[in-house]
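Here the structure comes first, spelled out in C-alpha cells, and everything after it is commentary.
Coordinate-derived values only; no laboratory data. This is a predicted model, so every value here is computed, not measured.
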Amino acid sequence: MGGAGRVDAAEDADLLVVGCRGRSAAAEMLLGSVGSYCVKHSKVPVAIVPETGHIRGPLSRLVVGVDGSANCKAALRWALDHVDSYGKVVAMGTFAMMFHAFSVPEPPEPELVAQMTDVFRDAVNAVASKKELEQFIEIDVHAGDPRLELRIGGENSSALVVGSRGHRGVAHLLLGSTATSLAQHPTAVTIVVPEE
C-alpha cells in the first residue's frame, strides 16, 4: 500500500505508524518515500519508528520541540493528552547561536537565555493548564542547533514529538527544516503532529 492509501486508511485513526528503511553501511536511518508522503499529508499524527527504536510500555517521558509557533503548540497538546499519568513532558526550547566559521562559540549571555526561556514558557502557558504545568511539564532550554539538541533530548525518552505546519495550501509541503530533519533521519521514535 502506498502513502496515499495509508493516509486514507488512517483518516479516522488516532495515530499512523510508519517505519524507516533501516541502516545501510553508508547511510543512516532514512524515512522512505511512503513515510515521507504520510508525514506531509496525514491529518492525524504520524509516529516514525526507526529500526532500533520502539516504544516500551507507557509514554512516561515525552520530549516536545517548542518554539512558540502554532504547530509546536499542537505537538505539546498531543503530548499532554498522551503522557502517562505519572509521566513527564519535557518542553525543549532551543535557539541557534550565530558565530563565525573559525571561532569557538561562546556561551550565550544570561539575558538572552532568560529572554528565550520566557518565549518558550509563554508557548507552554498558552497550551497547558495550571495543573498540567505543576504535574507534568518541565521546560528545558538549550543554545545550539535545534536539530541536534532535540535529537539528543529524544534519545532517552519514550518519544520525540514535533509539529508540522498544517495542511492549508502548500503548507503541507513545508514541515520546517527542524521537523524535516528529525523526521527524515530519526534516531528515536518521532511523532509528527499536524497543526490543528
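Descriptive notes on the structure:
- Straightening the chain between Ser69 and Ser129 buys 19.8 nm, computed as 0.36 nm per residue apart minus the Cα-Cα spacing.
- Partners for Lys40 among lysines (Cα-Cα distance below 30 Å; same-chain residues under 8 apart left out): Lys73, Lys88
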